[in-house]
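Undergrad: Below is the structure I would like to discuss, written out as structure tokens.
The values are calculated or read from the model by the stated rules, or taken from the named source; none is laboratory data. Note that this is a predicted model, so its numbers are computed, not measured. Here the Cβ positions follow ideal geometry from the backbone for every residue, glycine too, while neighbour counts run over all protein chains shown. Only protein heavy atoms, including side chains, enter the accessible area calculation; ligands, DNA and RNA are left aside. Shrake-Rupley method; radii C 1.70, N 1.55, O 1.52, S 1.80 Å.
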Amino acid sequence: MKTGRIVKLISGVYQVDVDGVRFDTKPRGLFRKKKFSPVVGDIVDFEVQNEQEGYIHHVHDRDNELKRPPVSNIDELVIVMSAVEPQFSTQLLDRFLVVAHSYDLEPRILITKKDLTTQDDQEYIQAMLDLYQDIGYPTQFISKNDDRVSIVDEWNHGLIVLSGQSGVGKTTFLNHYRPELNLETNDISKSLNRGKHTTRHVELYERNHGFIADTPGFSALDFDHIEKDELKNYFVDIKDAGQDCKFRNCNHIKEPKCNVKHLVDEGKIAQFRYEHYLQLFNEISNRKVRY
């Protein structure tokens, strides 16, 4: 029996890495009976049938799991956004951060395409990144000629997942980091202000101290797994400030003696962050029940 990490899934075949050696494996029938499927990132025990093939017997407990796309045991989620084409958006960034926290992931913010921006763009984006850095998020703002190896070496050891909407430069980033991968990229749609999905599956690539993964770009973010009363826990600054509200179950909407609203009024919590919280709270409150 061997133990390794699933690094790729295509057509029902799970490729498992054991110290740089890859094995093509399939799960035993018992997984189907339990309605449980291994995912990329899982640590598994498998029985070797011949030189490079085998059957998965056991999936180790997951530290965390991203549902869309399915990846497990993530050490850092890098939320990739572009400065332009598509345009940088704090609202979209906050939505990605909420999803990351809802899955117990540790997010980092990476903004690409600095070389395509005006001086005014750069000053605005850097001011926003300084604000997110103060909240506690590691941030980076990069140009196409910046050294990708030194950038990635700053990140956590283990499994790093690049996540973000289509067209922000996730696959291009990987091609600069590992030119031999030669991954497919596409142009941005000018009318839609977003790219086409070029990454069709999740695959882990080796890097110093672990793996790095590209993921299919998002055209929509799913909040169906989040209840409105949980949302405040996924805005870090609001969660911290909420500990000093009069009521423990304060949702920071219309409740009296709310410390969050007080700090927003004082400018100690960014007004736009609070507005994004309210928008998402209302969105979750008004969603239709699915049967």
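Undergrad: Carbon and sulfur atoms: what percent of the 1.4 Å accessible area of the chain do they account for? Don't skip to the answer; put the middle values down first.
TA: Values: 6850 of 15360 Å².
Answer for the chain: carbon and sulfur cover 45 percent of the accessible area.
Undergrad: Fully extended, how many nm does the chain gain between ASP265 and ASP229 (0.36 nm per residue separation, minus their Cα-Cα distance)?
TA: On the way: separation 36, 0.36 × 36 = 12.96 nm, distance 2.23 nm.
Once the chain is fully extended between ASP265 and ASP229, it gains 10.7 nm.
Undergrad: Just checking my list (i) 6, 25, 36, 26, 6, 1, 0; (ii) 6, 22, 26, 19, 17, 9, 1, 0; (iii) 6, 25, 31, 23, 12, 3, 0 against P(r) over Cα pairs in 10 Å bins from 0, in percent computed from this structure; which label fits?
TA: The value computed from this structure is option (iii).
Undergrad: Let me ask another. When only DSSP loop residues count, what chymotrypsin sites (Phe, Trp or Tyr not before Pro) in segment 1-85 have their Cβ near at most 14 other Cβ atoms within 10 Å?
TA: The qualifying sites are PHE36.
Undergrad: For the pair ASN156/VAL18, report the inter-label distance in nm, with labels modelled 7 Å from Cα in the Cβ direction.
TA: 2.7 nm
Undergrad: In whole angstrom, how far apart do the alpha carbon centroids of segment 154-173 and segment 28-98 sit?
TA: So the two Cα centres are separated by 14 Å.
Undergrad: What do you get for trypsin sites (Lys or Arg not before Pro) in segment 31-97 restricted to DSSP loop and a cutoff of at most 15 other Cβ within 10 Å of the site's Cβ? It would help to have the intermediate numbers written out before the result.
TA: Values: sites: ARG32, LYS33, LYS34, LYS35, ARG62, LYS67, ARG95; in loops: LYS34, LYS35, ARG62, LYS67.
Passing both the DSSP loop test and the Cβ count: LYS34, LYS35, ARG62, LYS67.
Undergrad: Taking every DSSP beta bridge that has both residues in the chain, what percent is antiparallel when rounded to the nearest 5? Don't jump to the answer; show the numbers that get you there.
TA: Values: 30 of 53 bridges.
Roughly 55 percent of the DSSP beta bridges within the chain come out antiparallel.
Undergrad: Now for a different question. According to the square roots a ≥ b ≥ c of the eigenvalues of the Cα gyration tensor, what is the shape class of segment 63-212, taking rounded for a/c under 1.5, prolate for a/b larger than b/c otherwise, and oblate for the remainder?
TA: Numbers: a/c = 1.35, a/b = 1.15, b/c = 1.17.
Note, shape of segment 63-212 comes out rounded.
Undergrad: At a Cα cut-off below 17 Å, give the lysines reachable from LYS67, other chains included and same-chain residues fewer than 8 away excluded.
TA: LYS8, LYS35
Undergrad: Per residue, how many Å² of accessible area does the chain show with a 1.4 Å probe? Let's see the in-between values first.
TA: On the way: 15360 Å² over 291 residues.
That works out to 53 Å² for each residue.
Undergrad: To continue, here is another question. Too long at a 27 Å Cα-Cα cut-off: which of LYS170/LYS268; LYS144/LYS232; LYS246/LYS268?
TA: Values: LYS170/LYS268 33 Å; LYS144/LYS232 36 Å; LYS246/LYS268 18 Å.
Too far apart for the 27 Å limit: LYS170/LYS268; LYS144/LYS232.
Undergrad: Further question: What does DSSP give for segment 45-165 in terms of the percent of beta bridges that are antiparallel, rounded to the nearest 5? Don't skip to the answer; put the middle values down first.
TA: Values: 7 of 20 bridges.
Among the beta bridges of segment 45-165, antiparallel pairing accounts for roughly 35 percent.
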